[in-house]
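The values are calculated or read from the model by the stated rules, or taken from the named source; none is laboratory data. Values in this document were obtained by computation on a predicted structure and should not be read as measured data. All Cβ positions, even for glycine, are placed from backbone atoms using ideal geometry, and neighbour counts span all protein chains on display.
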Amino acid sequence: MESDIDMLTWKNIYQTKYAELPNGEKIAYREAGEGEIPLLLIHGHLSCSLTMENLMGKLSPKVRVIAICLRGFGYSSYNSKITSMKDFA
C-alpha cells in the first residue's frame, strides 16, 4: 500500500497538452488511456491536473482519461478577466 507521502508526490508523468479557446486563453490538459469511454477529471479549488496522476494511472487501462487545469490554475492561462458565465465556456 502506498504511503500518504507517495500519494501526494506528483511526478508529471503525462505530457501537458494545450487547447486554445476562441478568446485566446489556453487550457492545459493531460490524457491517458485509449478506451472508447472518455472520462473528464476536473480538479478542486487551488489545485491542477497534476493532482490526478495517480487516479489517471489506475483508470487509464479501462477508459480514456482527460484531466484539465481550469483557467488560472496549473498550466492554463488567465489573461482576461472572467466577467460572466460565458467566459467559462
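Values computed for the structure shown
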| quantity | calculated |
| --- | --- |
| Single condition residue 51 does not satisfy, out of (1) closer than 30 Å to residue 81 by Cβ; (2) part of a helix (DSSP H, G or I); (3) modelled with pLDDT of 90 or more | (3) |
| Residue count for the stretch 20-37, restricted to those that are of a type in the set (A, V, I, L, M, F, W, C) and out of contact with any Ser or Thr (no Cβ under 7 Å at 6 or more places or on another chain) | 2 |
| Residues that are closer than 29 Å to residue 80 by Cβ, among the hydrophobic types (A, V, I, L, M, F, W, C) and over 8 Å from the mean Cα position of the chain (by Cα), drawn from the stretch 27-38 | 27 |
| Some residue of the stretch 49-70 being of a type in the set (Ser, Thr, Tyr) and free of Cβ contacts under 8 Å to residues at least 12 places away in the same chain | no |
| Subset of the stretch 36-62 that is buried (at least 16 other Cβ atoms within 10 Å of the Cβ) and aliphatic (A, V, I, L, M) - its residue that is farthest from residue 22 (Cα to Cα) | 59 |
| Hey, residue 70 modelled with pLDDT of 85 or more and part of a helix (DSSP H, G or I) or not | no |
| Failed item, numbered, when residue 12 is tested on (1) assigned to a loop (DSSP other than H, G, I, E, B); (2) at pLDDT 85 or above | (2) |
| Residues that are closer than 15 Å to residue 75 by Cα and touching a Phe, Trp or Tyr at 6+ places or on another chain (Cβ under 6 Å), drawn from the stretch 24-58 | 26, 28, 30, 48, 50, 53 |
| Lone qualifier among 29, 18, 78 - being assigned to a loop (DSSP other than H, G, I, E, B) and of a type in the set (Ser, Thr, Tyr) | 78 |
| Within the stretch 63-74, considering residues that are surrounded by fewer than 17 Cβ atoms within 10 Å (Cβ to Cβ) and touching a strand residue (DSSP E or B) at 6+ places or on another chain (Cβ under 6 Å), the one farthest from residue 16 (Cα to Cα) | 63 |
